[in-house]
1. For residue 100, indicate whether it is surrounded by 23 or more Cβ atoms within 10 Å (Cβ to Cβ) and either among the polar types (S, T, N, Q) or touching a Pro at 6+ places or on another chain (Cβ under 6 Å) (or both).
2. Please tell me if residue 131 is closer than 28 Å to residue 227 by Cβ, part of a loop (DSSP other than H, G, I, E, B) and of a type in the set (D, E, K, R).
3. Identify all residues within the range 127-146 that are under 26 Å from the mean Cα position of the chain (by Cα) and modelled with pLDDT of 85 or more; write none if there are none.
4. Where residues in the range 225-269 are of a type in the set (D, E, K, R) and surrounded by 15 or more Cβ atoms within 10 Å (Cβ to Cβ), which of them is farthest from the chain's Cα centre (by Cα)?
5. Is it the case that the range 287-294 has a residue that's small (Gly, Ala, Ser) and in contact with a helix residue (DSSP H, G or I) (Cβ under 9 Å, 6 or more places away or on another chain)?
6. For the range 379-416, give me the residue count where each residue is polar (S, T, N, Q) and surrounded by 17 or more Cβ atoms within 10 Å (Cβ to Cβ).
7. Which of the numbered conditions does residue 75 fail, given that it passes all the others? Conditions: (1) buried (at least 16 other Cβ atoms within 10 Å of the Cβ); (2) within 14 Å of residue 402 (Cβ to Cβ).
8. Applying the selection to the range 355-378, what residues are farther than 17 Å from residue 304 by Cβ and either in contact with a Cys (Cβ under 8 Å, 6 or more places away or on another chain) or buried (at least 20 other Cβ atoms within 10 Å of the Cβ) (or both)?
Amino acid sequence: MKLQSVFFLAILALGTAGCLKDSCERTVSYIRVDPVYKTIDEIRNGTAVVEAPRPLQDPGQIYYYDDKIFINERREGIHVVDNSDPANPQNVSFIAIPGNEDLAIRNGILYANTYIDLLAIDLNSYQVMGRAEAVFPPLWEDLDNNRVAVYYKETPVTEVMDCETFGTLYKSGGVFWGAGPDVFVDLADVVEESSGSAGGTGVGGSMARFTIVDQYLYIVDDSRLQVFGLGNPYLPEQVNEVQLGWGIETIIPYEDKLFIGSNSGMFIFDNSNPAQPSLLSTFAHARACDPVYVQGNLAYVTLRSGTPCEGFNNQLDVVDITNITSPQLLITHPMQNPHGLGIKGNDLLLCEGDYGFKRFNAEDPMLIGPRLLDQDKSLHAFDVIPLPGNEKLALVIGEDGFYQYRFDDPQKLELISKIPVGQ
């Protein structure tokens, strides 16, 4: 019995399923994931509806256009915030778009996903003026019932479990995940799924998957870059598709280049022919989530742990892109848990997740890490947009809500307004 007890404890410590089904039991807390389905008719009949303002509940992407802030409410729609007075932003309306997670705007037309389709919405009338069907791959397709899985519902569960069942759980970021009875794909893939220019185009953050350059809309999903022509702004037409491999996350344009972040590296595309972007080079790094920001001859790449990307690095990489066909790592600065970032002048603004929002002096890229100017630890920060123009203003979004900072003081961040979750 003593030897059997030692074996039992060892199995629990390792979290394996090497014991027999009836040899041990334990109480386990995990997150069960179950697919939520929509029929094709339900998706196609869904339209954007403008409503009275809603409180922020689960904010996602953030976008700036024409003195307004557009904040995605994950899988629900988009909050519209009047920011003509940054010290007093007003949540003025909500655009209900089922399944929405990403957006971009050009000349008063909002491009947004609704589950697997892409909508073109006129911001004057809030009418859907066009739809491109089946732009985004479904999580799962149930052909027998003419439906697709549109997202995974996450349910916290605590139950007594035998060792064999415990061995089927997937661990990511210190959390156990379990598949419901209708999950027919690899659980690791399920967990991973759950997780600017001037003129008439708005500005997105470094975590964006949509971006617009001139008359072209660029969209990245997990494995590819899609290019849509906007010659007819109400009817986006796919003109190109580039396969990139797996783990594609973000896209940002800079001059005549596109920089695409993945969980294994950065792709740099020549975009001098906007309809036919061509790969110039790649920069490989350890597996981790990877937003990118570019200024001058430098690309700034953040890597973080505790994510579906399963990374173990928390750092800011500064990459020399002087020779655009051969990017070279210049220096790595240790960070705590970096997410989105932005640069304006010599200021590098960094979102550090649960560690808040930071401002660094980036005049010398070799000394960014030691030159922390200020940090607000009171919020969870996910992404940031330094606003264009002469004023030093930054928009920050995170789990706690929307924040706005002024950073014209040489040393300090000044919080000038916020819309917290629940308001």
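The values are calculated or read from the model by the stated rules, or taken from the named source; none is laboratory data. As the structure is a computational prediction, the values presented were derived from the model and not from experiment. Cβ placement follows ideal geometry from the backbone for every residue including glycine, while neighbour counts extend to all protein chains displayed.
1. yes
2. Here the answer is no, as residue 131 does not meet what is asked.
3. 128, 130, 131, 132, 133, 134, 135, 136
4. 257
5. The answer is no; no qualifying residue exists.
6. Summing the residues that are polar (S, T, N, Q) and surrounded by 17 or more Cβ atoms within 10 Å (Cβ to Cβ) in the range 379-416 gives 1.
7. Here residue 75 clears every test but (2).
8. Once the filter is applied, which keeps residues that are farther than 17 Å from residue 304 by Cβ and either in contact with a Cys (Cβ under 8 Å, 6 or more places away or on another chain) or buried (at least 20 other Cβ atoms within 10 Å of the Cβ) (or both), the range 355-378 yields 359, 362.
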